[in-house]
Amino acid sequence: MQYTPPNPTLGPALTLLLATATGLAVASIYYVQPLLGLLSAQFGVGSAAIGLLPTLTQLGYGAAILLLSPLGDRYDRRRIIVVKAAALVVALAFTAAAPSFAALCVASVAIGLAATLAQDLVPAVATLAPEAQRGKRVGQVMTGLLLGILLSRVASGSLAALAGWRAVYGGAALVVALLMPLLWRGLPRFQPATQAGYGELLWSMARLWTQHAPLRRAALAQGLLSVAFSAFWSTLALVLAGPEFGQGSAVAGAFGLAGAAGALIAPLAGGLADRRGPQAVIRVGALLVFAAFAVQAVAPASLWLLVAVAVVFDLGVQAALVSHQSVVYSLDPASRSRLNAVLVGVMFAGMASGAALGSALLGAFGWRAVPVLGAVAALGALVIARRR
(Lines give C-alpha, C1' and ligand atoms only; values in the text may rest on other atoms or scores of the structure.)
Protein backbone atom coordinates (compact mmCIF):
# COMPACT_ATOMS: atom_id res chain seq x y z
CA MET A 1 0.00 0.00 0.00
CA GLN A 2 1.38 3.39 -0.99
CA TYR A 3 1.33 5.95 1.76
CA THR A 4 -0.65 9.12 1.02
CA PRO A 5 -0.27 11.81 3.68
CA PRO A 6 -3.22 14.02 4.60
CA ASN A 7 -3.41 17.44 3.02
CA PRO A 8 -1.48 19.99 5.12
CA THR A 9 -4.02 21.77 7.32
CA LEU A 10 -1.78 23.01 10.11
CA GLY A 11 -2.76 26.62 10.77
CA PRO A 12 -1.82 28.75 13.78
CA ALA A 13 -4.86 27.73 15.86
CA LEU A 14 -4.24 24.00 15.44
CA THR A 15 -0.52 24.48 16.03
CA LEU A 16 -1.30 26.23 19.33
CA LEU A 17 -3.71 23.45 20.33
CA LEU A 18 -1.17 20.73 19.58
CA ALA A 19 1.61 22.61 21.37
CA THR A 20 -0.62 22.99 24.43
CA ALA A 21 -1.63 19.34 24.39
CA THR A 22 1.98 18.23 23.98
CA GLY A 23 3.13 20.38 26.89
CA LEU A 24 0.36 19.18 29.21
CA ALA A 25 0.98 15.55 28.29
CA VAL A 26 4.69 15.63 29.05
CA ALA A 27 4.15 17.80 32.14
CA SER A 28 2.21 14.90 33.68
CA ILE A 29 5.50 13.04 34.11
CA TYR A 30 7.10 15.79 36.17
CA TYR A 31 4.29 16.99 38.46
CA VAL A 32 5.41 14.48 41.08
CA GLN A 33 8.94 15.77 41.59
CA PRO A 34 8.15 18.78 43.85
CA LEU A 35 5.50 16.73 45.68
CA LEU A 36 7.71 13.92 46.96
CA GLY A 37 8.07 15.44 50.42
CA LEU A 38 4.31 15.89 50.78
CA LEU A 39 3.61 12.38 49.51
CA SER A 40 6.22 10.88 51.83
CA ALA A 41 4.52 12.49 54.83
CA GLN A 42 1.00 11.64 53.58
CA PHE A 43 1.64 7.92 53.14
CA GLY A 44 4.33 7.42 55.77
CA VAL A 45 7.08 6.08 53.51
CA GLY A 46 10.77 6.92 53.50
CA SER A 47 12.85 8.73 50.91
CA ALA A 48 14.00 5.55 49.21
CA ALA A 49 10.45 4.26 48.73
CA ILE A 50 8.99 7.60 47.65
CA GLY A 51 11.68 7.81 44.97
CA LEU A 52 9.93 4.91 43.25
CA LEU A 53 7.19 7.24 41.99
CA PRO A 54 9.21 9.28 39.46
CA THR A 55 11.20 6.16 38.57
CA LEU A 56 8.06 4.17 37.74
CA THR A 57 6.67 7.06 35.71
CA GLN A 58 9.86 7.30 33.66
CA LEU A 59 9.95 3.53 33.16
CA GLY A 60 6.34 3.57 31.94
CA TYR A 61 7.13 6.43 29.57
CA GLY A 62 10.25 4.77 28.20
CA ALA A 63 8.49 1.44 27.66
CA ALA A 64 5.57 3.09 25.87
CA ILE A 65 7.86 5.03 23.54
CA LEU A 66 9.23 1.77 22.18
CA LEU A 67 6.12 -0.42 22.49
CA LEU A 68 3.20 1.94 21.75
CA SER A 69 4.46 4.91 19.72
CA PRO A 70 5.09 2.80 16.55
CA LEU A 71 1.33 2.16 16.37
CA GLY A 72 0.97 5.67 14.96
CA ASP A 73 2.16 4.32 11.60
CA ARG A 74 -0.35 1.43 11.69
CA TYR A 75 -3.58 3.11 12.82
CA ASP A 76 -5.33 6.45 12.45
CA ARG A 77 -3.12 8.75 14.51
CA ARG A 78 -6.05 10.97 15.49
CA ARG A 79 -7.78 8.05 17.16
CA ILE A 80 -4.60 7.04 18.99
CA ILE A 81 -4.13 10.61 20.25
CA VAL A 82 -7.66 10.86 21.64
CA VAL A 83 -7.55 7.38 23.21
CA LYS A 84 -4.25 8.16 24.92
CA ALA A 85 -5.62 11.50 26.11
CA ALA A 86 -8.59 9.67 27.66
CA ALA A 87 -6.21 7.20 29.31
CA LEU A 88 -4.16 10.09 30.68
CA VAL A 89 -7.29 11.70 32.16
CA VAL A 90 -8.14 8.43 33.91
CA ALA A 91 -4.58 7.98 35.20
CA LEU A 92 -4.40 11.55 36.53
CA ALA A 93 -7.84 11.32 38.15
CA PHE A 94 -6.92 8.00 39.76
CA THR A 95 -3.75 9.58 41.12
CA ALA A 96 -5.76 12.45 42.61
CA ALA A 97 -7.95 9.93 44.45
CA ALA A 98 -5.23 7.37 45.27
CA PRO A 99 -5.97 5.84 48.70
CA SER A 100 -2.57 4.24 49.27
CA PHE A 101 1.07 4.32 48.28
CA ALA A 102 0.63 1.10 46.28
CA ALA A 103 -2.14 2.77 44.29
CA LEU A 104 0.14 5.72 43.63
CA CYS A 105 2.78 3.36 42.25
CA VAL A 106 0.27 1.84 39.83
CA ALA A 107 -0.93 5.30 38.84
CA SER A 108 2.66 6.44 38.22
CA VAL A 109 3.19 3.69 35.67
CA ALA A 110 -0.15 4.50 34.01
CA ILE A 111 0.73 8.20 33.74
CA GLY A 112 4.04 7.34 32.09
CA LEU A 113 2.34 5.05 29.57
CA ALA A 114 -0.37 7.55 28.62
CA ALA A 115 1.89 10.62 28.62
CA THR A 116 3.53 9.31 25.43
CA LEU A 117 0.59 11.07 23.83
CA ALA A 118 3.22 13.79 23.33
CA GLN A 119 5.21 11.46 21.08
CA ASP A 120 2.15 10.93 18.86
CA LEU A 121 1.43 14.63 18.54
CA VAL A 122 4.87 15.63 17.26
CA PRO A 123 4.86 13.21 14.27
CA ALA A 124 1.31 14.37 13.54
CA VAL A 125 2.63 17.92 13.24
CA ALA A 126 5.43 16.77 10.93
CA THR A 127 2.84 15.07 8.71
CA LEU A 128 0.40 17.97 8.57
CA ALA A 129 2.92 20.79 8.09
CA PRO A 130 3.88 21.87 4.57
CA GLU A 131 7.40 20.68 3.80
CA ALA A 132 8.80 24.22 3.60
CA GLN A 133 7.47 24.96 7.11
CA ARG A 134 8.00 21.60 8.79
CA GLY A 135 10.93 22.65 10.94
CA LYS A 136 9.20 25.82 12.09
CA ARG A 137 5.93 24.05 12.96
CA VAL A 138 7.66 21.19 14.75
CA GLY A 139 9.70 23.78 16.63
CA GLN A 140 6.56 25.58 17.75
CA VAL A 141 5.03 22.39 19.12
CA MET A 142 8.35 21.39 20.69
CA THR A 143 8.28 24.71 22.54
CA GLY A 144 5.07 23.49 24.16
CA LEU A 145 6.72 20.20 25.08
CA LEU A 146 9.81 21.85 26.50
CA LEU A 147 7.84 24.42 28.48
CA GLY A 148 5.76 21.56 29.85
CA ILE A 149 8.92 19.86 31.11
CA LEU A 150 10.50 22.99 32.55
CA LEU A 151 7.45 24.71 34.06
CA SER A 152 5.56 21.66 35.35
CA ARG A 153 7.60 21.61 38.56
CA VAL A 154 6.90 25.29 39.25
CA ALA A 155 3.16 24.88 38.61
CA SER A 156 2.92 21.69 40.64
CA GLY A 157 4.74 23.04 43.67
CA SER A 158 2.80 26.31 43.67
CA LEU A 159 -0.64 24.69 43.36
CA ALA A 160 0.18 22.07 45.97
CA ALA A 161 1.16 24.82 48.42
CA LEU A 162 -2.23 26.47 47.91
CA ALA A 163 -4.62 23.54 47.58
CA GLY A 164 -2.75 20.29 48.32
CA TRP A 165 -1.14 17.72 46.09
CA ARG A 166 -4.40 16.06 45.05
CA ALA A 167 -5.51 19.32 43.44
CA VAL A 168 -2.49 19.16 41.13
CA TYR A 169 -3.61 15.89 39.58
CA GLY A 170 -7.31 16.68 39.67
CA GLY A 171 -6.72 19.97 37.87
CA ALA A 172 -4.42 18.31 35.33
CA ALA A 173 -7.06 15.66 34.59
CA LEU A 174 -9.71 18.33 34.04
CA VAL A 175 -7.56 20.36 31.64
CA VAL A 176 -6.63 17.33 29.52
CA ALA A 177 -10.29 16.27 29.44
CA LEU A 178 -11.25 19.70 28.09
CA LEU A 179 -8.69 19.32 25.30
CA MET A 180 -10.01 15.97 24.07
CA PRO A 181 -12.99 17.21 22.00
CA LEU A 182 -10.82 19.98 20.56
CA LEU A 183 -8.23 17.44 19.42
CA TRP A 184 -10.91 15.20 17.89
CA ARG A 185 -12.45 18.08 15.96
CA GLY A 186 -9.22 19.83 15.01
CA LEU A 187 -7.20 16.89 13.73
CA PRO A 188 -7.95 15.24 10.38
CA ARG A 189 -8.03 11.50 9.95
CA PHE A 190 -4.64 9.98 9.22
CA GLN A 191 -4.42 7.18 6.69
CA PRO A 192 -2.39 4.26 8.12
CA ALA A 193 1.06 4.25 6.56
CA THR A 194 1.48 0.46 6.78
CA GLN A 195 -0.53 -2.71 7.29
CA ALA A 196 2.33 -4.45 9.11
CA GLY A 197 1.53 -6.46 12.22
CA TYR A 198 2.63 -5.38 15.66
CA GLY A 199 5.68 -7.62 15.80
CA GLU A 200 6.80 -6.48 12.38
CA LEU A 201 6.37 -2.84 13.43
CA LEU A 202 8.71 -3.35 16.36
CA TRP A 203 11.26 -5.24 14.29
CA SER A 204 11.14 -2.59 11.58
CA MET A 205 12.60 -0.04 13.99
CA ALA A 206 15.84 -2.05 14.00
CA ARG A 207 15.75 -2.06 10.20
CA LEU A 208 15.26 1.70 10.12
CA TRP A 209 18.29 2.06 12.40
CA THR A 210 20.52 0.03 10.08
CA GLN A 211 19.04 1.51 6.90
CA HIS A 212 19.35 5.23 7.67
CA ALA A 213 22.74 6.61 8.68
CA PRO A 214 21.24 10.09 9.29
CA LEU A 215 18.92 8.49 11.87
CA ARG A 216 21.85 6.92 13.67
CA ARG A 217 23.81 10.16 13.69
CA ALA A 218 20.82 12.19 14.86
CA ALA A 219 19.92 9.76 17.64
CA LEU A 220 23.49 9.37 18.91
CA ALA A 221 24.25 13.10 18.82
CA GLN A 222 21.00 14.04 20.52
CA GLY A 223 21.49 11.21 23.00
CA LEU A 224 24.86 12.69 24.01
CA LEU A 225 23.34 16.15 24.35
CA SER A 226 20.66 14.56 26.53
CA VAL A 227 23.40 13.18 28.79
CA ALA A 228 24.61 16.75 29.35
CA PHE A 229 21.06 18.10 29.78
CA SER A 230 20.04 15.47 32.33
CA ALA A 231 23.31 15.57 34.28
CA PHE A 232 22.81 19.30 34.89
CA TRP A 233 19.13 19.27 35.83
CA SER A 234 19.22 16.09 37.92
CA THR A 235 22.04 17.40 40.13
CA LEU A 236 21.13 21.11 40.19
CA ALA A 237 19.30 21.09 43.54
CA LEU A 238 22.20 19.32 45.25
CA VAL A 239 24.77 21.64 43.67
CA LEU A 240 22.82 24.73 44.73
CA ALA A 241 22.45 23.40 48.27
CA GLY A 242 26.21 22.80 48.54
CA PRO A 243 28.69 25.14 50.21
CA GLU A 244 29.64 26.86 46.94
CA PHE A 245 26.13 28.31 46.43
CA GLY A 246 24.15 27.75 49.64
CA GLN A 247 20.71 28.04 48.02
CA GLY A 248 17.46 26.24 48.84
CA SER A 249 14.83 24.42 46.82
CA ALA A 250 12.99 27.61 45.85
CA VAL A 251 15.99 28.82 43.86
CA ALA A 252 16.36 25.38 42.26
CA GLY A 253 12.73 25.51 41.15
CA ALA A 254 13.17 29.01 39.73
CA PHE A 255 15.89 27.67 37.44
CA GLY A 256 13.06 26.15 35.41
CA LEU A 257 12.34 29.68 34.20
CA ALA A 258 15.93 30.03 33.02
CA GLY A 259 15.62 26.79 31.10
CA ALA A 260 12.31 27.95 29.61
CA ALA A 261 14.10 30.93 28.08
CA GLY A 262 16.21 28.49 26.10
CA ALA A 263 13.12 26.50 25.08
CA LEU A 264 11.66 29.54 23.33
CA ILE A 265 14.36 29.24 20.66
CA ALA A 266 12.79 26.07 19.23
CA PRO A 267 10.55 27.75 16.59
CA LEU A 268 13.40 30.03 15.49
CA ALA A 269 15.75 27.07 15.20
CA GLY A 270 13.16 25.15 13.21
CA GLY A 271 12.65 28.04 10.80
CA LEU A 272 16.41 28.43 10.38
CA ALA A 273 16.70 24.70 9.66
CA ASP A 274 14.03 25.09 6.95
CA ARG A 275 15.94 27.95 5.30
CA ARG A 276 19.61 27.06 5.82
CA GLY A 277 19.48 23.31 6.38
CA PRO A 278 19.47 21.50 9.73
CA GLN A 279 23.13 20.48 9.86
CA ALA A 280 24.42 23.99 10.47
CA VAL A 281 21.89 24.51 13.29
CA ILE A 282 22.86 21.18 14.85
CA ARG A 283 26.55 22.08 14.89
CA VAL A 284 25.89 25.50 16.39
CA GLY A 285 23.62 23.96 19.02
CA ALA A 286 26.23 21.38 20.06
CA LEU A 287 28.90 24.08 20.14
CA LEU A 288 26.76 26.23 22.46
CA VAL A 289 26.31 23.29 24.85
CA PHE A 290 30.04 22.59 24.86
CA ALA A 291 30.95 26.24 25.43
CA ALA A 292 28.45 26.69 28.27
CA PHE A 293 29.68 23.67 30.21
CA ALA A 294 33.35 24.35 29.49
CA VAL A 295 33.01 27.84 30.96
CA GLN A 296 31.16 26.51 34.01
CA ALA A 297 33.85 23.88 34.60
CA VAL A 298 36.69 26.42 34.89
CA ALA A 299 35.05 29.67 36.05
CA PRO A 300 34.66 30.67 39.72
CA ALA A 301 31.43 29.61 41.40
CA SER A 302 28.72 32.15 40.58
CA LEU A 303 24.94 31.88 40.77
CA TRP A 304 24.50 34.26 37.85
CA LEU A 305 26.95 32.29 35.74
CA LEU A 306 24.96 29.16 36.52
CA VAL A 307 21.82 30.91 35.28
CA ALA A 308 23.60 31.93 32.07
CA VAL A 309 24.86 28.38 31.58
CA ALA A 310 21.30 27.04 31.96
CA VAL A 311 19.97 29.44 29.32
CA VAL A 312 22.78 28.89 26.81
CA PHE A 313 23.10 25.11 26.99
CA ASP A 314 19.32 24.64 26.98
CA LEU A 315 19.11 26.85 23.91
CA GLY A 316 21.72 24.66 22.22
CA VAL A 317 20.05 21.38 23.18
CA GLN A 318 16.63 22.48 21.94
CA ALA A 319 17.96 23.96 18.68
CA ALA A 320 19.76 20.68 17.95
CA LEU A 321 16.68 18.62 18.86
CA VAL A 322 14.33 20.46 16.51
CA SER A 323 16.88 20.24 13.71
CA HIS A 324 17.48 16.53 14.33
CA GLN A 325 13.73 15.98 14.17
CA SER A 326 13.66 17.80 10.84
CA VAL A 327 16.32 15.41 9.56
CA VAL A 328 14.62 12.29 10.89
CA TYR A 329 11.08 13.11 9.75
CA SER A 330 12.29 13.70 6.20
CA LEU A 331 13.77 10.19 5.85
CA ASP A 332 10.57 8.18 5.37
CA PRO A 333 7.11 9.82 5.68
CA ALA A 334 5.46 6.41 6.09
CA SER A 335 7.58 5.62 9.18
CA ARG A 336 7.52 8.85 11.15
CA SER A 337 6.11 7.35 14.35
CA ARG A 338 8.77 4.63 14.36
CA LEU A 339 11.55 7.06 13.44
CA ASN A 340 10.42 9.29 16.30
CA ALA A 341 10.35 6.30 18.65
CA VAL A 342 13.96 5.46 17.79
CA LEU A 343 15.14 9.06 18.21
CA VAL A 344 13.31 9.59 21.50
CA GLY A 345 14.26 6.12 22.77
CA VAL A 346 17.96 6.90 22.40
CA MET A 347 17.37 10.33 23.95
CA PHE A 348 15.64 8.64 26.89
CA ALA A 349 18.67 6.37 27.35
CA GLY A 350 20.89 9.45 27.30
CA MET A 351 18.72 11.19 29.90
CA ALA A 352 18.86 8.16 32.20
CA SER A 353 22.63 7.82 31.72
CA GLY A 354 23.17 11.53 32.37
CA ALA A 355 21.23 11.43 35.61
CA ALA A 356 23.16 8.40 36.86
CA LEU A 357 26.60 9.65 35.76
CA GLY A 358 25.98 13.18 36.99
CA SER A 359 24.98 11.99 40.45
CA ALA A 360 27.91 9.59 40.68
CA LEU A 361 30.46 12.20 39.56
CA LEU A 362 29.02 14.83 41.90
CA GLY A 363 29.40 12.48 44.86
CA ALA A 364 32.88 11.36 43.91
CA PHE A 365 34.55 14.53 42.61
CA GLY A 366 32.37 17.51 43.49
CA TRP A 367 30.23 19.91 41.53
CA ARG A 368 32.75 20.79 38.80
CA ALA A 369 32.71 17.19 37.55
CA VAL A 370 29.16 17.67 36.25
CA PRO A 371 30.00 20.42 33.71
CA VAL A 372 33.07 18.43 32.66
CA LEU A 373 30.74 15.54 31.83
CA GLY A 374 28.45 17.91 29.95
CA ALA A 375 31.32 19.38 27.93
CA VAL A 376 32.68 15.95 26.99
CA ALA A 377 29.22 14.71 25.94
CA ALA A 378 28.62 17.86 23.87
CA LEU A 379 32.01 17.49 22.21
CA GLY A 380 31.07 13.93 21.22
CA ALA A 381 27.79 15.22 19.75
CA LEU A 382 29.70 17.88 17.81
CA VAL A 383 32.05 15.27 16.34
CA ILE A 384 29.09 13.16 15.23
CA ALA A 385 27.30 16.20 13.78
CA ARG A 386 30.31 17.04 11.60
CA ARG A 387 30.26 13.62 9.97
CA ARG A 388 28.42 13.12 6.71
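What about SER28, is it in contact with a helix residue (DSSP H, G or I) (Cβ under 9 Å, 6 or more places away or on another chain), without any contact (Cβ under 8 Å) to a residue 12 or more places away in the chain and assigned to a helix (DSSP H, G or I)? It would help to see each step written out before you state the result.
Working: in contact with a helix residue (DSSP H, G or I) (Cβ under 9 Å, 6 or more places away or on another chain): yes; without any contact (Cβ under 8 Å) to a residue 12 or more places away in the chain: no; assigned to a helix (DSSP H, G or I): yes.
For SER28, the condition - in contact with a helix residue (DSSP H, G or I) (Cβ under 9 Å, 6 or more places away or on another chain), without any contact (Cβ under 8 Å) to a residue 12 or more places away in the chain and assigned to a helix (DSSP H, G or I) - is not met.
Does the stretch 220-265 hold any residues that are more than 14 Å from VAL311 (Cα to Cα) and at pLDDT 85 or above, and which are they?
Residues satisfying the conditions are LEU220, ALA221, GLN222, GLY223, LEU224, LEU225, SER226, VAL227, ALA231.
Since VAL289 meets every condition but one in (1) within 20 Å of the chain's Cα centre (by Cα); (2) at pLDDT below 80, which condition does it not meet?
Against the list (1) within 20 Å of the chain's Cα centre (by Cα); (2) at pLDDT below 80, VAL289 comes up short only on (2).
Just give me the residues in the stretch 147-162 being modelled with pLDDT under 85 and more than 11 Å from PRO34 (Cα to Cα), in sequence order.
LEU147, ILE149, LEU150, LEU151
When you scan the stretch 31-71, how many residues do you find that are in a loop (DSSP other than H, G, I, E, B) and touching a residue at least 60 places away in the same chain (Cβ under 8 Å)?
Step one: filter the stretch 31-71 for residues in a loop (DSSP other than H, G, I, E, B), giving 31-32, 44-46, 51, 68.
Restricting the remaining residues to those that are touching a residue at least 60 places away in the same chain (Cβ under 8 Å) gives 31-32.
Adding up the residues that qualify gives 2.
Evaluate the stretch 332-354: report whether one residue or more is over 30 Å from ALA193 (Cβ atoms) and surrounded by fewer than 19 Cβ atoms within 10 Å (Cβ to Cβ).
Going through the stretch 332-354, the residues over 30 Å from ALA193 (Cβ atoms) turn out to be 353-354.
Retained after the next criterion (residues that are surrounded by fewer than 19 Cβ atoms within 10 Å (Cβ to Cβ)): 353.
Yes, the stretch 332-354 contains a residue that is over 30 Å from ALA193 (Cβ atoms) and surrounded by fewer than 19 Cβ atoms within 10 Å (Cβ to Cβ).
Looking at (1) surrounded by 18 or more Cβ atoms within 10 Å (Cβ to Cβ); (2) modelled with pLDDT under 80; (3) over 17 Å from the mean Cα position of the chain (by Cα), which is the only condition ARG217 fails?
Among (1) surrounded by 18 or more Cβ atoms within 10 Å (Cβ to Cβ); (2) modelled with pLDDT under 80; (3) over 17 Å from the mean Cα position of the chain (by Cα), ARG217 violates only (2).
Taking the stated definitions as given, is ALA103 of a type in the set (A, V, I, L, M) and assigned to a loop (DSSP other than H, G, I, E, B)?
Details: of a type in the set (A, V, I, L, M): yes; assigned to a loop (DSSP other than H, G, I, E, B): no.
So ALA103 does not fit the description; no.
Spot the failing condition for ALA107; the list is (1) crowded, with 22+ Cβ neighbours inside 10 Å; (2) touching a residue at least 40 places away in the same chain (Cβ under 8 Å); (3) more than 30 Å from GLN279 (Cβ to Cβ); (4) of a type in the set (A, V, I, L, M), and only one is missed.
(2)
Looking at the stretch 319-348, which of its residues are modelled with pLDDT under 85 and either β-branched (Val, Ile, Thr) or closer than 24 Å to VAL239 by Cβ (or both)?
Correct list: VAL322, PHE348.
Filtering the stretch 78-110 down to residues that are of a type in the set (Ser, Thr, Tyr) and within 23 Å of the chain's Cα centre (by Cα), which residue is nearest to LEU52 (Cα to Cα)?
Taking the stretch 78-110 as the starting set, the residues that turn out to be of a type in the set (Ser, Thr, Tyr) are 95, 100, 108.
Cutting the leftovers down to within 23 Å of the chain's Cα centre (by Cα) gives us 95, 108.
Numbers: THR95: 15, SER108: 9 Å.
Only one residue fits best here, namely SER108.
Here is a list: GLY51, GLY72. Which entry is modelled with pLDDT under 90 and either of a type in the set (S, T, N, Q) or within 25 Å of ASP332 (Cβ to Cβ) (or both)? Talk me through it step by step, then tell me what you get.
Numbers: GLY51 fails: either of a type in the set (S, T, N, Q) or within 25 Å of ASP332 (Cβ to Cβ) (or both).
Result: GLY72 is the single residue among GLY51, GLY72 that is modelled with pLDDT under 90 and either of a type in the set (S, T, N, Q) or within 25 Å of ASP332 (Cβ to Cβ) (or both).
When you scan the stretch 362-379, how many residues do you find that are assigned to a helix (DSSP H, G or I) and in contact (Cβ under 8 Å) with a residue 24 or more places away in the chain? Explain how you work it out, then say what you get.
Quick first cut of the stretch 362-379, residues assigned to a helix (DSSP H, G or I) only: 362-365, 369-379.
After this cut, where a residue has to be in contact (Cβ under 8 Å) with a residue 24 or more places away in the chain as well, the list is 362, 370-375, 377-379.
Summing the residues that are assigned to a helix (DSSP H, G or I) and in contact (Cβ under 8 Å) with a residue 24 or more places away in the chain in the stretch 362-379 gives 10.
Of everything in the stretch 28-43, what is at pLDDT 80 or above, within 14 Å of THR57 (Cα to Cα) and not hydrophobic (A, V, I, L, M, F, W, C)? Give them in sequence order.
Selection gives SER28, TYR30, TYR31.
The values are calculated or read from the model by the stated rules, or taken from the named source; none is laboratory data. Since this is a predicted model, take the numbers as computed values, not measurements. Methodologically, a virtual Cβ is constructed for each residue, glycine included, from the backbone with ideal geometry; neighbour enumeration extends over all protein chains shown.
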